[in-house]
Amino acid sequence: RAILMIQHHGLEWYGEGATFAEVCNDYTKVEYKCNGIGVLYDYALFLGIDLIFMDFNCTDTFREPIPNKNIIEIRHYQKGRVEFELRNNKVFHMKEGELCINALANIPAAYSFPFGYGVGLSCVIDKDSVDAETQQIFSYYNIDVLNLGRELELEKKWFLCRTPQRLLHIFDELYAAKGIEGRNYFRIKLLELFYHIKQLRIEDQYEATYYAKEQIEIIKRIRQQLIENLDKKISIEELLRKEPMSKVTFQAIFKQIYGDTPYAHIKKYKMNLAAVYLQETDQSITQIAGELGYSNISKFARAFQEVFGMLPKDYRKAKK
């Protein structure tokens with residue numbers, strides 16, 4: 001009976017800028033008005049339990065729609081990195097391949113994607129909507145769906161860990177099945193997921209690193225200046241003179257956000273831009289190198305090879 005009574009959420013569930021793009025038997029497709037692409041595929045699997053696939057390719061900041069939702073949420077990201085802003089103005093970053101579980105006390109105020117993209121999934125248990133029949137279905141497998149993760153102290157903070165080996169295949173299979181398999185397949189996978197979540201212990205987690213929002217804004221401001229001046233040699237020390245932050249702190253927080261040192265990150269950014277130019281324009285390799293601040297074409301070619309495993313001329317030939 002519970003399965004037959006499943007209803008789609010209203011737009012307010014998804015937050016500002018959300019529009020229904022498609023509503024079908026198995027899922028609801030939601031698109032966001034943003035500077036790029038923001039799409040959700042929401043599979044309502046049981047009353048109060050949704051599996052939501054997320055596919056974002058934008059730099060917008062998204063506000064969480066309902067701050068007092070009485071939920072348990074399991075998140076995983078297959079690609080990209082996510083920045084969560086909490087209500088106490090603290091910020092932390094979740095990397096691809098990590099698993100996090102959070103509850104009512106720690107729902108973020110907003111989230112964004114430092115790399116400009118993020119592909120992941122979220123399983124949301126809305127405790128106020130789960131009915132007795134749904135609870136009974138899970139109880140057959142000794143799973144208390146309303147108290148999933150009780151041992152993880154979710155009322156205090158996020159539970160964050162590297163995705164355990166026994167869960168990796170479940171996430172891989174979920175991503176592969178999106179848009180292909182029907183609701184019943186995802187119900188079975190959800191049962192398997194919850195079974196393994198129940199085995200997690202507080203000792204399995206590692207401490208999330210939090211920074212103040214003001215510090216994050218300094219890092220992003222300086223990164224933006226570096227990106228706007230790729231053809232110039234601007235030192236980080238020079239940019240930091242105007243900011244209340246040491247170079248050591250800057251480097252530590254930068255790596256937390258972007259996963260690389262500032263030098264390595266900007267180099268990859270330049271080489272990815274070079275790859276676009278090689279593929280989509282007829283500019284000479286010398287011109288491209290100059291635009292990206294390389295007066296020595298050999299250094300440019302070497303840097304490109306380090307990132308893409310081939311020389312610029314070979315990359316252009318292969319892509320064209």
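The values are calculated or read from the model by the stated rules, or taken from the named source; none is laboratory data. This one's a predicted model, so the numbers in the text were calculated from it and none came from an experiment. Note: ideal-geometry Cβ built from the backbone for every residue, glycine included; neighbour counts use all protein chains shown. To get the accessible areas, we keep the full protein, side chains included, count just its heavy atoms, and leave off ligands, DNA and RNA. Shrake-Rupley method; radii C 1.70, N 1.55, O 1.52, S 1.80 Å.
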### Query
Does anything in region 91-126 have its amide N under 14 Å from the 7 Å Cα→Cβ label point of LYS268, and if so which residues?
95-97, 114-118
### Query
Taking the C-alpha atoms of the chain, how large are the radius of gyration and the largest Cα-Cα span, Dmax, in Å?
22.4, 70
### Message
Quick check: from the Cα gyration tensor, does region 142-183 come out rounded (a/c under 1.5), prolate or oblate?
### Response
prolate
### Task
For the chain, set up a Gaussian network in which alpha carbons nearer than 10 Å are linked by springs, and say which option among LYS220, LYS247, LYS157 fluctuates the most.
LYS247
### Query
Over region 219-309, one equal point on each Cα, no solvent: what is log10 I(q)/I(0) by the Debye formula at q = 0.15 Å⁻¹?
-0.61
### Message
I need the shape label for region 259-320. Rule: rounded when a/c is under 1.5, else prolate if a/b > b/c, else oblate, with a, b, c from the alpha carbon gyration tensor.
### Response
prolate
### Task
May I ask you to list the GluC sites (Glu not before Pro) in region 178-232 that are in a DSSP loop and have at most 13 other Cβ atoms within 10 Å of their Cβ?
GLU207
### Summary
Carbon and sulfur atoms account, in whole percent of the 1.4 Å probe accessible area of the chain, for 49 percent
#### Entry: With Cα atoms, 0 to 90° folded angle of helix 183-197 axis to the chain main axis
80 degrees
### Query
So for region 3-140, what percent of the C-alpha to C-alpha distances run longer than 27 Å?
17 percent
## Note on the structure
Residue-ordered couplings for region 209-216, obtained by feeding phi - 60° into the Karplus form 6.51 cos²θ - 1.76 cosθ + 1.60 and rounding to whole Hz (Gly and Pro as x), are 9, 10, 10, 6, 4, 4, 5, 4
## Note on the structure
Rounded to the nearest 10 degrees, the helix 297-308 long axis (Cα) sits at an angle to the longest Cα principal axis of the chain of 10 degrees
### Query
What residue among ILE219, ILE49, ILE288 has the largest mean-square fluctuation in a Gaussian network model of the chain, using Cα springs under 10 Å?
ILE288
### Rounded to 10°, Cα long-axis angle of helix 247-258 versus longest principal axis of the chain
50 degrees
### Message
Can you show me the helix-derived [θ] at 222 nm for the chain, built from DSSP H runs with n ≥ 4 at -39,500 (n - 2.57) apiece and divided by the number of residues, rounded to the nearest 500.
### Response
-11000 deg cm²/dmol
### Message
So, R0 is 22 Å and r is the distance between the beta-carbons of ASN88 and THR249; what FRET efficiency does that work out to, to 0.05?
### Response
0.65
### Query
Dipole size in debye (nearest 20) for the chain around its Cα centre, Lys and Arg Cβ +1, Asp and Glu Cβ -1?
1300 debye
### Message
Can you compute 3J(HN,Hα) from phi for each residue in region 39-55, using the Karplus curve 6.51 cos²θ - 1.76 cosθ + 1.60 with θ = phi - 60°, rounded to whole Hz and x for Gly and Pro?
### Response
10, 10, 10, 9, 9, 7, 8, 9, 4, x, 10, 10, 10, 10, 8, 10, 9
### Task
Roll a 1.4 Å probe over the protein chains and send me the accessible area per residue for region 33-181 in Å².
41 Å²
### Task
Rank ARG241, ARG75, ARG201 by mean-square fluctuation in a GNM of the chain with C-alpha springs under 10 angstrom and give only the top-ranked residue.
ARG241
### Extension gain from ILE297 to SER235, taking 0.36 nm per residue of separation minus the Cα-Cα distance
20.2 nm
### Query
Of the cross-linked pairs LYS90/LYS242; LYS156/LYS247; LYS95/LYS270; LYS270/LYS319; LYS29/LYS69, which ones have a Cα-Cα span greater than 27 Å in the structure shown?
LYS156/LYS247
